[in-house]
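The values are calculated or read from the model by the stated rules, or taken from the named source; none is laboratory data. Here the structure is a predicted model, which is why all the values come from computation and not from measurement. Every residue, glycine as well, gets a Cβ built from its backbone with ideal geometry; the counts of neighbours run over all protein chains shown.
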Amino acid sequence: MKVLVVNAGSSSLKYQLFDTSDNSVIAKGNCERIGIDGRITHKMSGRDDYKADLPMYNHTEAVKVLIATLTSPEVGCIADMSEIEAVGHRIVHGGAYFSQSMLVNDDVVAKLRLCNDFAPLHTGPHLMGIDGCTEAMPGTPQVLVFDTAFHQTMPDYAWMYPISYDMYEKYGIRRYGAHGTSHRYVAGEMCRILGRTEGTKIITCHLGNGSSISAVKDGRVIDTSMGFTPLDGVEMGTRCGSIDPAIVPFIMEREGFTPQRMSEYMNKECGLAGVSGLSSDCRDLDDAVKAGNERAKLAVDILTYQIKKYIGSYTAAMNGLDALVFTAGIGENRDEIRAAACADMDFFGIKLDAEINAKTRLQSDIVKISAADSKVPVYVIPTNEELVIANDTAAIVGAMKK
């Protein structure tokens, strides 16, 4: 089955066209600067990248540009859109409504709209992406795959915050998690490597500009670092992660911040960028650390220390650890951060092979980076959220056709 996977952002629309019979990627690309002027970058194996500046006033226009590119005799890969049997959408937040991927219908879209307050920067673009595909490809079934769904197996004592229960009942304030599609993929790959799912205790570290860490027991999440929103957990590129809640009104009172301004501050002006005063990019901070910049070193030290604490706490929560996994941009490519996070973890049986770890960057293969005498195997597993979305979509639409 040919499945188009769509990931709609505020001003972008990334896509991949899969053939799920062999999980191959036929084409992929990105529509950028939507609502400004519009630009598409389209990639196919064995061909030069196609780039064009084209007007895209909204996500519906972007979908039309995408379709025209996919079906173009010059740069496309399919004769017409009838070859695409389904569309799968990445959805950041499904609230408590969705614990699995769902076929798009009016009820599902209505419930997704109710999740807007949980992820306002993402839900609007997701809805526009769905509307754009509906208008451009009427009759083609669409499936929503939720980043929060994999975390819905958490026990209530893990997802419930110790606030008055009426606030949870009125506003749905609880831990939802994020990056679930990535955690699901790499945890599944780790279970495959271990040769079993039941009885496994795995910690998955999705580390990038946004980062989250999950404890996965028997293939199901029992805890995760991101919470009510993707602001919670470890330090991130520009997000502060977990801080003392009293800091929020303290800063608001002294700086005269509105709630919206405070949210913007915590999401866009803190984290690695805020502490270092330089950059949210670990590559820039690595160079600054080597040059002796103490604030850059502090920013990185905070992150690696927090990762270490989560590994320790989740190992305790699961009463053991069978495997540790690093994934996403930082997790897959920043060997220094992996090394620092795993240093002095002998008590937990974690020991890296320094040489293999140092060489593991920008690789598409799964790599075991733990030492031969490490009691706990440590792996770098490149994530593939789009493949999960494509396969979920194919399964749901395939079952519908039977």
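Descriptive notes on the structure:
- Taking the criterion of being of a type outside the set (A, V, I, L, M, F, W, C) and either touching a residue at least 40 places away in the same chain (Cβ under 8 Å) or outside any helix (DSSP H, G or I) (or both), the residues of region 154-170 that qualify are Pro155, Tyr161, Pro162, Ser164.
- In region 240-281, of all residues being of a type in the set (Lys, Arg) and surrounded by 11 or more Cβ atoms within 10 Å (Cβ to Cβ), the one that is nearest to the chain's Cα centre (by Cα) corresponds to Lys268.
- Candidate set: region 316-327, residues that are of a type outside the set (Gly, Ala, Ser) and within 13 Å of Cys205 (Cα to Cα); chosen: the one nearest to the chain's Cα centre (by Cα): Thr327
- Of all residues making up region 23-64, the number that are assigned to a loop (DSSP other than H, G, I, E, B) and either in contact (Cβ under 8 Å) with a residue 24 or more places away in the chain or more than 19 Å from Asp131 (Cα to Cα) (or both): 15
- Listing of helices (runs of 4 or more DSSP H) fully contained in region 206-287 that carry 3 or more residues being within 22 Å of Asn116 (Cα to Cα), of a type outside the set (A, V, I, L, M, F, W, C) and in the same structural domain as Ala299 (by TED's automatic domain parsing): 259-268
- Failed condition for Val109, given (1) among the hydrophobic types (A, V, I, L, M, F, W, C); (2) part of a loop (DSSP other than H, G, I, E, B); (3) closer than 30 Å to Ala68 by Cβ: (2)
- Matching option when the condition is in contact with a helix residue (DSSP H, G or I) (Cβ under 9 Å, 6 or more places away or on another chain), surrounded by fewer than 17 Cβ atoms within 10 Å (Cβ to Cβ) and assigned to a loop (DSSP other than H, G, I, E, B), among Ala178, Ala79, Ala96: Ala96
- Residue within region 181-192 that is among the hydrophobic types (A, V, I, L, M, F, W, C), touching a Phe, Trp or Tyr at 6+ places or on another chain (Cβ under 9 Å) and outside any helix (DSSP H, G or I) present: no
- Subset tally (residues that are over 23 Å from the mean Cα position of the chain (by Cα) and either surrounded by fewer than 19 Cβ atoms within 10 Å (Cβ to Cβ) or not aliphatic (A, V, I, L, M) (or both)) for region 336-356: 11
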